[in-house]
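In what follows, a single structure is set out as structure tokens and then discussed.
Every number in this text was worked out from the coordinates using simple rules, so none of it is lab data. Computed from a predicted structure; not experimentally measured. Neighbour counts are summed over all protein chains in view; Cβ atoms, including those assigned to glycine, are modelled from backbone coordinates with ideal geometry.
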Amino acid sequence: MESATKHFLAAFEIKNYLLKMGATLVGIGDVSHGLAVELRHLPVAISLAVRHPSPGRNLIYAMQGPLYSSRYEQVDLMLEQIQKKVVNLLRSQGFKSLAIPPDTHRRDNRFIARLYPLFSHKMAATCAGLGWIGKNGLLVNEIYGPRLSWATVLTNAPLEVCTSPYVASRCGNCRRCVDACPAGAISDREWSRDEGPVSHIDVEACRAQLEKNRQLVGEDLCGLCILVCPRGQLLSARKKGLTK
Ligand code: SF4
Ligand code: SF4
């Protein structure tokens, strides 16, 4: 058991396994400093992301311009399947784990959904070295920008964790999402881990804009703050063959 555990739970092997299962990004971080008391027995976070499908297929054109759908049932399904694999793997080795599902489950009444106020996928991803929290309030990755969906598995397995977590924003002088937001919901303020769980966007203003859009196009979509982010746009252009 001892040697099997050491062999099976090497962090790089878990990462490779989950990347093969379809994850776009996998990182492992120490989240012990920011966890609610209820979750402190699970101080290690395996942070998982799956990228959104190509933006072209996710644009809806309304009178006011393109709206971007950030709801991807297929992506979330894939994330949940990957979570199940890692939970089974950890449990088979005798470790505790808890899968926190993607954010689309926030409104569920299930027990697991009620954990959301106690936990943030974004914070886990920053601890795992996968990105920072952008001015748009989303996790921004250097390669994929904010065009990713996230899930996390918390565990007590003694995995090797990221030694270079993100502790501050890298948005810099960019303010494209600030200028693009039709609701004026985004402030030109950069995230820093020391500030704790502070919301960077005016959630009520954003919600009101989504409601306006629902009346316009039948769905409460917007996502302009995702669409305009320059991070990851080079990758999208490459995929479309627009650049090398
Ligand atoms: S989804 Fe739209 S309204 Fe909401 S913060 Fe982003 S740009 Fe603003
Ligand atoms: S658009 Fe610019 S400011 Fe907004 S999240 Fe992306 S990099 Fe940061």
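Given the Cα-Cα distance of Met21 and Glu73 and 0.36 nm per residue of separation, how much length would full extension add, in nm?
17.0 nm
Under the Karplus relation 6.51 cos²θ - 1.76 cosθ + 1.60, θ = phi - 60°, what is the ordered set of whole-Hz ³J(HN,Hα) values for the range 164-177, x standing for Gly and Pro?
10, x, 7, 10, 8, 5, 10, 5, x, 7, 4, 9, 4, 5
What ³J(HN,Hα) values, in whole Hz, does the Karplus curve 6.51 cos²θ - 1.76 cosθ + 1.60 give for the range 203-209 when θ = phi - 60°, with x put for Gly and Pro?
Using θ = phi - 60°, the values come out as 4, 5, 5, 4, 4, 5, 5 Hz.
Tabulate in residue order the Karplus-calculated ³J(HN,Hα) for the range 187-192, using 6.51 cos²θ - 1.76 cosθ + 1.60 with θ = phi - 60°, rounded to whole Hz; enter x for Gly and Pro.
So the J values, rounded to whole Hz, are 8, 7, 10, 8, 6, 9.
Multiply the residue separation of Asp179 and Val167 by 0.36 nm, subtract the distance between their alpha-carbon atoms, and state the gained length in nm to one decimal.
The Asp179-Val167 span can extend by a further 1.8 nm.
Residues with amide H under 5 Å of Ala168's amide H, sequence separation 5 or more or different chain, H placed in the peptide plane at 1.01 Å from N; which?
Under 5 Å from the amide H of Ala168 lie the amide H atoms of Arg193, each far enough along the sequence or on another chain.
Place the peptides 136-142, 204-210, 174-180, 44-50 in order of packing, highest mean first, counting for every residue the other Cβ atoms within 10 Å and averaging per peptide.
44-50, 136-142, 174-180, 204-210
May I ask you to derive the FRET efficiency for Ala36 and Glu195 from their Cβ-Cβ distance with R0 = 22 Å, giving the value to the nearest 0.05?
Between Ala36 and Glu195 the formula returns 0.80.
Counting other C-beta atoms within 10 Å, which of His52, His121 has the fewest, and how do the rest follow?
So the ranking, lowest neighbour count to highest, is His121, His52.
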